[in-house]
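J.: I'd like to ask some things about the structure below.
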Amino acid sequence: MVATTTGAAAEHRRPGPRGGTERRGRVRRFLDRYWYAYALVLPVVVVVGGLVILPLAQGVFFTFTNINEGNIANPVLGREADYDVVGLANYLNVLSGDPAYGSFWGVLLRTLVWSGICVAFHYGIGLGLALLLNRPMRFRTLYRILLILPWAVPAFVSAFAWRYLFNADYGLINWLLGSVGLPTPVWLGQSPVAMVAVIIVNVWLGVPFMMVALLGGLQSIPGDLYEAAEIDGATPWQRFTQITLPGLRPVSSTVILLGVIWTFNMFPVIYLITGQNPHTRILITYAFERFFSGATRDYAIASTYGVLILSVLLVFAGVYLRALRSQEAD
Amino acid sequence: MDVTSLQTSGRAGPSGGRRPAPPRSGHRGRRSPAASFGLHAALVVASLIAVFPVFWVLVTSFKPDSRAIEASPSLINESSLDNYARILAGEKGDFLAWFGNSLLIAGLTTVLAVMLAASTGYAVSRFNFPGGRGLLFFFLVVQMFPFAVLIVPLYNLLLSLGLQGSAGGLVLVYCTTAVPFCTYMLKGYFDGIPREIDEAGRMDGLSPFGVFWRLMLPLARPGLAVTGFYAFITAWGEVAFASAFLSAADQSKTLAVGLQVFVQQNRTEWGHLAAASILVAIPAAVVFYLVQRFLVSGLAAGSVKG
């Protein structure tokens, strides 16, 4: 997304008179030209910037302290803060992989697997359904509405629905499995099966967005391309790989990047369905566990996890965008 | 045409069928019965999977709690409207107050987020001002934030602004999560509107704000609808922030928070939980139905050109 937006920047800039003007004149001209834009952007910068930059700065500061529920300033009780700066100790503890600090590397690996599997299914199923929907047929609008529906359901309602379906004793899924003679696992128990369950739920939740975005992408591919290819005798598979996939590239690159970012931080699905289950623990849910539960409410470690999550995603986005750009240059 | 070509022969536009078809590739625009059956079968199965969990909650919501946990499930089992009646009567918490709070908060978030995203999206789309690209990249980075762990700093900030515990503070927080993606979508949408329209508006003596307000916003209505939908859904079902930033009094909870408490206290009351879930899902479904015809075009513009 970012890669593709940056192109058109230069074309609208008129060559302004350079040199010979004094500084104030330049500032005036600058404001004359751009003040509308800045006025339109200002509210967002104030709101988003204020509510993101300041907390982030404070959160980063917390990672260098031993702050927790017991020593944070509490205005309600009139208590002063008395936490200490501990340097890099939090990072060293977390990165050592110590189970007392959440076995960082194992959880990171699980988070990567979780994101990879979920986004692969989101994209694959979303693309398949978009291809099916992108043709004239009866009931097309009805199918589309029904298929987008999971997106419109509030997350905690879907979580409730799936917990009910996955229930080991009276859930419909085990009843179905049992009635055809298959084993009926305890889906949401303390075992790796729980991970399969939350992946199923998250795939169900995430497909509609991909499908809608890819459907829009398919509709923006000019139909003549397909006709020309057909006249040239291209097989359906060739048309798919030579026209459809390249035509979807701008959409695909955007939604895959967003999908990975969103899935990586997909907290509600896991937390609402399996709670604090070490078998479904990903980085964000562990941060939240440290944050909200336990006697101590360890804000410092939770913030450290937050900063590490942000770092991993920034590295990923950087590599991803660079790879896109170099592919485009080919 | 064999079944495998079902995968790709989709682009049969209105002109596709009329053209004399090249000999080998057969009935473009007219599917064989087998292909047609396969297409509809696949879509029916997918639709069933998409709808079924919600449908099953609906079925359960009419059953008494004791019938909702039977080992061999049935569609109707002593079903009645009792669960709904009891919830709406307030036996399980101040449901109507929660409902009103949620509507207010989600509504304000929607209006504010769409306004912010529209003005920013328009500015980034039309004026190449220094910092515009940086702003878009910043929005991408904001999406990476593990917001859950920023709750303490946000709490402190809202406290010092005097917004802690109020709906206004929560609305602002929701806006920061909804605005970045909304801005991307709307920027893409504005990019698709020809610049000549802006220029014509300026010729007629409109200020840049006038162009934005009188010309661009009405033209971008599908994009605005999708953006509004996204913002509404973001705010409507959110639990973590709402439980941290609203006061603990029962009357000031949102639906999501209230039901979360309800779930934790009444793990066995599946029938009542189902009924409450359906009541929560209805407003979201209404909003969804109002905007669904814009979803494809609105979202597509954003992600293609974003």
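The values are calculated or read from the model by the stated rules, or taken from the named source; none is laboratory data. A quick note: this is a predicted structure, and the numbers were derived from the prediction, not measured. Please note: Cβ atoms are built from the backbone with ideal geometry, for glycine as well, and neighbour counts cover all protein chains shown. Ligands, DNA and RNA are stripped out before the accessible areas are found, and what is left, the full protein with its side chains, is counted by its heavy atoms. Shrake-Rupley method; radii C 1.70, N 1.55, O 1.52, S 1.80 Å.
J.: Please compute the per residue accessible area over region B:88-305 with all protein chains in place, 1.4 Å probe, rounded to a whole number of Å². Walk me through the numbers before you get to the answer.
T.: Details: 7750 Å² over 218 residues.
Solvent-accessible surface per residue comes out at 36 Å².
J.: Over the Cα atoms of region B:127-183, each weighted equally, I'd like the Debye log10 I(q)/I(0) at q = 0.16, 0.19 Å⁻¹, rounded to two decimals.
T.: At q = 0.16, 0.19 Å⁻¹ the computed log10 ratios are -0.60, -0.77.
J.: What is the set of long-range amide H partners of A:N66 at a cut-off below 5 Å, with H atoms built 1.01 Å from backbone N?
T.: Residues meeting the amide H criterion: A:D84, A:V86.
J.: Assuming R0 = 56 Å, can you tell me the calculated FRET efficiency for the pair A:I231 and A:H279, based on Cβ-Cβ distance, to the nearest 0.05? Spell out each step's value before the answer.
T.: Details: r = 55 Å, r/R0 = 0.98.
With a Förster radius of 56 Å, E is 0.55.
J.: Another question about this same structure. In square angstrom, what is the accessible area per residue of region A:34-168 with a 1.4 angstrom probe?
T.: Per-residue value: 44 Å².
J.: Next question. Take A:L314 and A:T184, extend 7 Å from each Cα along the Cα→Cβ direction, and tell me the distance between the two endpoints in nm.
T.: 5.1
J.: Right, something else. With each run of n ≥ 4 DSSP H residues scored as -39500 (n - 2.57), what mean residue ellipticity at 222 nm is computed for chain A after dividing by its residue count and rounding to the nearest 500 deg cm²/dmol?
T.: Calculated at 222 nm, the ellipticity per residue is -21500 deg cm²/dmol.
J.: Moving on. Given R₀ = 25 Å, what would the calculated FRET efficiency be for A:L176 paired with B:A42, taking r from the Cβ atoms and rounding to 0.05?
T.: 0.75
J.: Now for a different question. Find out how many positive minus negative residues lie around A:I270, taking Lys and Arg as positive, Asp and Glu as negative, among other residues whose Cβ is under 14 Å from that of A:I270. Mind showing how you got there, number by number?
T.: Details: positive: A:R110, A:R163, A:R281; negative: A:E289.
For residues surrounding A:I270, the net value is +2.
J.: Report the label-to-label distance for B:A34 and A:S293 in nanometres (one decimal), using points 7 Å from each Cα along the Cα→Cβ vector.
T.: 5.4
J.: Between A:E69 and B:E91, what FRET efficiency comes out of the Förster formula 1/(1 + (r/R0)^6) with R0 = 41 Å and r the beta carbon distance, rounded to 0.05?
T.: Taking R0 as 41 Å, the efficiency between B:E91 and A:E69 is 0.75.
J.: Work out which helices of chain A, taken as complete DSSP H runs, extend at least 24 Å along their axis over the Cα atoms and score a mean Kyte-Doolittle of 1.6 or more, then list them. List each step's numbers first, then the result.
T.: Details: long enough: A:23-44 (29 Å, -0.31); A:104-133 (42 Å, 1.65); A:193-219 (39 Å, 2.10); A:245-264 (27 Å, 1.36); A:299-329 (45 Å, 1.18).
Going by DSSP H runs, the hits are A:104-133, A:193-219.
J.: Could you order A:T184, A:T274 by accessible surface area, starting with the largest, using a probe radius of 1.4 Å?
T.: Ranking A:T184, A:T274 by accessible area, largest first, yields A:T184, A:T274.
J.: Follow-up question, since we're still on this one. Which whole-Hz ³J(HN,Hα) couplings does region A:83-88 yield from phi under the Karplus relation 6.51 cos²θ - 1.76 cosθ + 1.60, θ = phi - 60°, glycine and proline marked x?
T.: Karplus values, whole Hz, x for Gly and Pro: 8, 10, 7, 10, x, 8.
J.: Label region A:119-236 by shape, choosing from rounded, prolate and oblate, from the square roots a ≥ b ≥ c of the eigenvalues of the Cα gyration tensor; if a/c is under 1.5 it is rounded, and otherwise prolate applies when a/b is larger than b/c, oblate when it is not.
T.: Since a/c reaches 1.5 and a/b is larger than b/c, the shape of region A:119-236 is classed as prolate.
J.: Within region B:122-149, whose backbone N sits under 18 Å from a point 7 Å along Cα→Cβ of A:L95?
T.: Of the residues in region B:122-149, none has backbone N under 18 Å from the label point off A:L95.
J.: Cα gyration tensor of the protein assembly as shown, axes a ≥ b ≥ c as square roots of the eigenvalues: rounded (a/c below 1.5), prolate (a/b > b/c) or oblate?
T.: Here the protein assembly as shown falls in the oblate category.
J.: Can I ask one more? How would you classify chain A from its alpha-carbon gyration tensor, with a ≥ b ≥ c the square roots of the eigenvalues: rounded for a/c under 1.5, else prolate if a/b is greater than b/c, otherwise oblate?
T.: On the way: a/c = 2.16, a/b = 1.03, b/c = 2.11.
Oblate.
J.: How much accessible area is lost when chains A and B come together, counting both sides, with a 1.4 Å probe, in Å² rounded to the nearest 100?
T.: 10300
J.: For A:W187, which sequence-distant residues (separation of 5 or more, or a different chain) have an amide H within less than 5 Å of its own amide H, given hydrogens modelled in the peptide plane?
T.: A:A168
J.: Can you compute 3J(HN,Hα) from phi for each residue in region B:117-133, using the Karplus curve 6.51 cos²θ - 1.76 cosθ + 1.60 with θ = phi - 60°, rounded to whole Hz and x for Gly and Pro?
T.: Values per residue, Gly and Pro as x: 5, 5, 5, 5, x, 5, 4, 5, 6, 9, 9, 8, 8, x, x, x, 5 Hz.
J.: What trypsin sites (Lys or Arg not before Pro) does region B:196-280 have in DSSP loop regions with at most 16 other beta carbons within 10 Å? It would help to have the intermediate numbers written out before the result.
T.: Numbers: sites: B:R202, B:R214, B:K253, B:R267; in loops: B:K253, B:R267.
Answer by residue number: B:R267.
J.: 7 Å from Cα along Cα→Cβ at both A:Q58 and B:E199: what's the point-to-point distance in nm?
T.: 4.9
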